[in-house]
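Colleague: Below is the structure I would like to discuss, written out as structure tokens.
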2 protein chains.
Amino acid sequence: MPKSAAPLYEQIRQLIVAALAEGEWRPGDALPSEAALAERFHASPGTVRRALDELTAAHVVERRQGAGTFVATHTAPRDAYRFLRLVADDGTVGFRRELVHCRRARASAETARALHLRTSEPVIEVRRLLLRGERAVVLDDLWLPERHFAGLSAEIINEYPGTLYALFEERYRVHMVRAEEKLRAVAASAEAASLLGLQGGAPLLSVDRVAFTYGDRPVELRRGLYHTEADHYRNQLN
Amino acid sequence: MPKSAAPLYEQIRQLIVAALAEGEWRPGDALPSEAALAERFHASPGTVRRALDELTAAHVVERRQGAGTFVATHTAPRDAYRFLRLVADDGTVGFRRELVHCRRARASAETARALHLRTSEPVIEVRRLLLRGERAVVLDDLWLPERHFAGLSAEIINEYPGTLYALFEERYRVHMVRAEEKLRAVAASAEAASLLGLQGGAPLLSVDRVAFTYGDRPVELRRGLYHTEADHYRNQLN
DNA sequence: GAGTGGTCTAGACCACGTA
DNA sequence: ACGTGGTCTAGACCACTCA
């Protein structure tokens, strides 16, 4: 029917994302049924279905036959480590977490650029370790815009039982949809080596990540240093 | 209509892949029209379309509106570097290639396992460099089962103008569909350092790849060592 | 049993590429 | 002008979940 540029299913997809960005449905909630959405958007069920197909492929929503369509969440055990590609060579899974610090700071030029902030805008800086047994495997540094994560503190992080992304979702209503990573091999700095219990200069996998919430708004910059002696970063190429 | 386990569109998808594996259509060829396929598989056009949707998403086929549906190829410039995730920090693209050797060998236990061969089955071993300007950025070692790549030689590789995957496709009718990679940071061995013009112990990104052809049959094992001083490996997380 | 998503069909009309 | 894929609709029937 519409002569406009984008096909109807694409417009509907965007309208659903906009509603998610505004918080009309929260992670874990059920969306209206396909028939109800079709009525709301004045489209046929098949067209709505196509929009939901794409959102399902992008892990924005999740369908459960017989039950409904639900907003994707990082709270569910299934999706807890969706963005962590590091796996042990022997298949072991799961890490113990240890917070190093959580403090207020000002955005560096690099952070500001990545997160679309003004330079020296307030950010929250988090550093933590991921450990297996007594060995530290990952050193993560995070930068978060304070305007989205006001009040985040070491206490809050330490008290929360789930992953950081689950915490961000539950407490700050910021749901991470996708991320872009840039990987490099680097030599461990003295500081990183000491935190990871290695010798300076040891090879580390550096993973720079920018994570995006609904509408492709960048809301987290993260730099991970992975000690890949008994672990590897797995990737699928299509 | 069928009560069998898999939905009809999935069965059709598999039948199309089987036909591709048997060489009924070669990379670059046009498939029959959706209507013709519907008739062939005794299904409705919508069902065939769904099968083609999935094959399109997997980059197995490519649709061109008004023209038809074509078997995906590594020959086309668009897809030449589909599996190379390494990009220069400044956006520069493209490498010069330099063959180090191409020789017959026997599969190691590791190679045999990755490629589903018997240990010490004949394989072809290729080593090459990728360079930008005068700087070597990548050292690649490849292992290929001789039974799929009989006669591959340094001459053949050096004479062929396109990528290795395009060569494999044109000359050996082996089309790479997808790949799995495992990444690590490692210290450069003396040999690798010398080939890449670095000092021993320099941090390198090690990329182990197994590439699969139609029907998930592994046909290439590759170990790349990437010098990531002015380049990075980019990845999208969904 | 009522309601949900999953599959499959049938057909209309449009946009595009080729010649 | 023709044939191709792209969009959109309408409806039937099935499989599953949950009260």
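FYI, it's all coordinate maths here, none of it is from the lab. Note that the structure is a prediction, hence the values are computed from the model and not measured. We place every Cβ from the backbone using ideal geometry, glycine too, and count neighbours over all the protein chains shown.
Colleague: Which of A:Trp25, A:Tyr9, A:Thr69 sits farthest toward the positive end of the charge dipole of the stretch A:8-71, with +1 on the Cβ of Lys and Arg and -1 on the Cβ of Asp and Glu?
Modeller: A:Thr69
Colleague: Here is a follow-up. Using the Karplus equation 6.51 cos²θ - 1.76 cosθ + 1.60 (θ = phi - 60°), what ³J(HN,Hα) coupling, rounded to whole Hz, does each residue of the stretch B:71-82 give in order, writing x for Gly and Pro?
Modeller: 6, 4, 9, 8, 6, 5, x, 3, 9, 4, 10, 4
Colleague: Moving to a separate point now. What is the mean number of Cβ atoms from other protein chains located within 10 Å of the Cβ atom of each residue in peptide B:222-230, rounded to a whole number?
Modeller: 2
Colleague: In addition: Which of the listed residues, A:Ala187, A:Leu115, A:Gly201, is farthest toward the dipole's positive end in the protein assembly as shown, when Lys, Arg count +1 and Asp, Glu count -1 at the beta-carbon?
Modeller: Of the options given, the answer is A:Leu115.
Colleague: Would you mind giving the average projected area, over all directions, of the Cα convex hull of the stretch B:143-238 in nm² with one decimal?
Modeller: Taking the Cα atoms of the stretch B:143-238, their convex hull projects to 8.0 nm² on average.
Colleague: Pick from B:Pro203, B:Pro218, B:Pro27: which is most flexible by mean-square fluctuation in a GNM of chain B where alpha carbon atoms under 10 Å apart are linked?
Modeller: Largest GNM mean-square fluctuation: B:Pro203.
Colleague: In addition: Inter-copy label distances at A:Gln14, 7 Å along the Cα→beta-carbon direction, one decimal in nm, shortest first?
Modeller: So the distances to the same position in the other copies read 4.0 nm.
Colleague: Please check: in the Gaussian network model of chain B (C-alpha springs, under 10 Å), which one of B:Ala193, B:Ala67, B:Ala166 has the largest mean-square fluctuation.
Modeller: B:Ala67
Colleague: For B:Asp89, B:Asp216, A:Asp231, what ranking results if the residue with the fewest other Cβ atoms within 10 Å of its Cβ goes first?
Modeller: Sorted ascending by nearby Cβ count, the order is B:Asp216, B:Asp89, A:Asp231.
Colleague: Treating each Cα of the stretch A:8-71 as an identical point scatterer and ignoring solvent, apply the Debye formula and state log10 I(q)/I(0) at q = 0.14 Å⁻¹.
Modeller: -0.33
Colleague: Among A:Leu86, A:Ile157, A:Asn235, flag the residue with its Cα farthest along the positive direction of the charge dipole of chain A, charges on Cβ as +1 for Lys/Arg and -1 for Asp/Glu.
Modeller: Toward the positive end, the furthest listed residue is A:Asn235.
Colleague: What residues have an amide H closer than 5 Å to that of A:Ala202, excluding those fewer than 5 places away on the same chain, when H is modeled at 1.01 Å from N in the peptide plane?
Modeller: Hits under the 5 Å cutoff: A:Ala188.
Colleague: If we count other beta carbons within 10 Å of each Cβ, what is the order of B:Ile156, B:Ile16, fewest first?
Modeller: Arranged by neighbour count, lowest to highest, B:Ile156, B:Ile16 become B:Ile156, B:Ile16.
Colleague: Taking A:Ser120 in one copy and the same position in all the others, each labelled 7 Å out along Cα→Cβ, what are the pairwise distances from the first, in nm, shortest first?
Modeller: Here A:Ser120 shows inter-copy label distances of 7.2 nm.
Colleague: Taking the Cα centre of the protein assembly as shown as origin, work out the dipole magnitude from +1 charges on Lys and Arg Cβ and -1 charges on Asp and Glu Cβ, in debye rounded to 20.
Modeller: Numbers: 66 positive and 64 negative charges, 40 e Å.
Dipole about the Cα centre, nearest 20: 200 debye.
Colleague: Okay, next question. Among B:Leu117, B:Leu15, B:Leu31, whose mean-square fluctuation peaks in a Gaussian network model of chain B (Cα, cutoff 10 Å)?
Modeller: In the Gaussian network model the winner is B:Leu15.
Colleague: By how many degrees, 0 to 90 and rounded to 10, does the Cα axis of helix A:8-21 deviate from the longest principal axis of chain A?
Modeller: 50 degrees
Colleague: Now, a different point. May I ask for the distance between the Cα centers of the stretch B:68-120 and the stretch A:63-141, given as a whole number of Å?
Modeller: 32 Å
Colleague: Which three extents, in angstrom, do the Cα atoms of the protein assembly as shown have along their principal axes, listed largest first?
Modeller: That gives 66, 63, 39 Å along the principal axes, largest extent first.
Colleague: Computed over the Cα atoms of chain B, what is the ratio Rg over Rh, Rh following Kirkwood?
Modeller: Using Cα coordinates only, the ratio equals 1.02.
Colleague: Dipole size in debye (nearest 20) for the stretch A:5-87 around its Cα centre, Lys and Arg Cβ +1, Asp and Glu Cβ -1?
Modeller: In debye, rounded to 20, the stretch A:5-87 gives about 280.
Colleague: Is it possible to state the helix-based mean residue ellipticity at 222 nm for chain A, with each DSSP H run of 4+ residues giving -39500 (n - 2.57), the sum divided by total residues, to the nearest 500 deg cm²/dmol? What is it? Walk me through the numbers before you get to the answer.
Modeller: Working: 7 runs with 63 residues, N = 238.
Roughly -7500 deg cm²/dmol at 222 nm, from the helical runs in chain A.
Colleague: Further question on the same structure: For A:Tyr172 and A:Glu39 in the same chain, what is the full-extension length gain: residue separation times 0.36 nm, less their Cα-Cα distance, in nm?
Modeller: 44.7 nm
Colleague: Okay, moving on. What share of all Cα pairs of the stretch B:86-145, in percent, falls into each consecutive 10 Å distance bin?
Modeller: 23, 36, 25, 16, 1
Colleague: For the stretch A:86-238, give the magnitude of the charge dipole about the Cα centre (Cβ charges: +1 Lys/Arg, -1 Asp/Glu; no others), in debye to the nearest 20.
Modeller: Once rounded to the nearest 20, the dipole reads 400 debye.
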